[in-house]
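Contents: one structure, followed by commentary.
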Amino acid sequence: MRLSAVILTTALATSPLAHGKTEATGLVQFEYGQSFPQNELTSYFSPGDAYRLRLFGGAKIKLGAVGLGWDITYANYGLKDGLSGHYNRLLWDWLFLPVGIGFIQLTPGLAWVVTDVDVSEMGLKEQSIRPAGVLSIGVKLGIISNVAITAQVRGESVWEDMEPVVLPNQDEIDITGQFVTATVGGMLYF
């Protein structure tokens with residue numbers, strides 16, 4: 001998959017559509033918000049704090065920009081009903097295609113999700129890495145030159161867990177599951 005992404009990036013950067021004056025471009029974005037478990041996870045876990053960091057550096061071309069970036073979201077969730085332990089997730093967006101319509105941006109993509117959960121009362125202890133699909137809708141509003149306020153809502157769905165967790169009451173749940181995350185923040189760009 002990485003090879004095809006490199007080939008696509010190279011093809012776009014060297015195509016006749018990309019030729020012309022190129023300029024350096026980059027951004028730093030930080031957002032904070034809440035992440036909400038969905039489906040059966042709502043019975044066990046409360047909404048958690050979410051932190052998103054996005055870094056990008058590259059070159060502007062006629063089609064937009066090419067370069068390298070890093071886009072991660074970390075969330076930690078509370079436990080319900082007197083449960084003790086932790087549930088933490090790190091979402092790394094590794095392939096996405098932003099589509100801008102004015103100041104609104106729709107972004108489908110793929111991500112890796114690192115899950116670290118340990119709840120002894122449920123007999124649950126798992127660290128896993130799973131692929132996920134992500135769909136974001138967000139806005140970016142410039143407030144002064146090279147500074148913008150950002151906000152987004154993201155739906156995150158991990159591919160079906162091949163090892164569902166069996167709870168002491170014999171219920172099965174997909175512990176990596178689905179989440180909706182809403183964040184706001186700011187961006188510096190050039």
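The values are calculated or read from the model by the stated rules, or taken from the named source; none is laboratory data. Predicted model only: the values in this text are computed from it and were never measured. Note that we place each Cβ from the backbone using ideal geometry, even for glycine, and neighbour counts take in every protein chain shown. Quick note on the areas: whole protein, heavy atoms, side chains included, nothing else; ligands and nucleic acids left out. Shrake-Rupley method; radii C 1.70, N 1.55, O 1.52, S 1.80 Å.
Of note:
- Conditions (1) within 26 Å of D81 (Cβ to Cβ); (2) at pLDDT below 90: number failed by V113: (2)
- In segment 129-141, of all residues being open to solvent by 40 Å² or more (accessible area, probe 1.4 Å) and either in contact with a helix residue (DSSP H, G or I) (Cβ under 8 Å, 6 or more places away or on another chain) or hydrophobic (A, V, I, L, M, F, W, C) (or both), the one that is nearest to L97 (Cα to Cα) corresponds to L135.
- Cβ-Cβ under 6 Å pairs, at least 6 apart or on other chains, segment 77-104 side without any contact (Cβ under 8 Å) to a residue 24 or more places away in the chain, far side among the polar types (S, T, N, Q) and assigned to a strand (DSSP E or B): P98/Q105; P98/T107
For (1) β-branched (V, I, T); (2) outside any strand (DSSP E or B); (3) open to solvent by less than 10 Å² (accessible area, probe 1.4 Å); (4) under 18 Å from Q38 (Cβ atoms), each residue gets a yes or a no:
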position: L106; (1), (2), (3), (4): no, no, no, no
position: A111; (1), (2), (3), (4): no, no, yes, yes
position: D118; (1), (2), (3), (4): no, no, no, no
position: Q127; (1), (2), (3), (4): no, no, no, no
position: I143; (1), (2), (3), (4): yes, no, no, no
position: A148; (1), (2), (3), (4): no, no, yes, no
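- Residue check, D81 in a strand (DSSP E or B) and not hydrophobic (A, V, I, L, M, F, W, C): no
- Check on G102, exposed (fewer than 13 other Cβ atoms within 10 Å of the Cβ) and within 23 Å of G33 (Cβ to Cβ): yes
- Remark: F96 falls outside the filter, which requires a residue to be of a type in the set (F, W, Y) and modelled with pLDDT of 90 or more.
- The residue pairs whose first member lies in segment 111-135 and is closer than 19 Å to Y44 by Cα, whose second member is polar (S, T, N, Q) and not in a strand (DSSP E or B), and whose beta carbons are closer than 6 Å, counting only pairs six or more residues apart or on different chains, are T115/T176.
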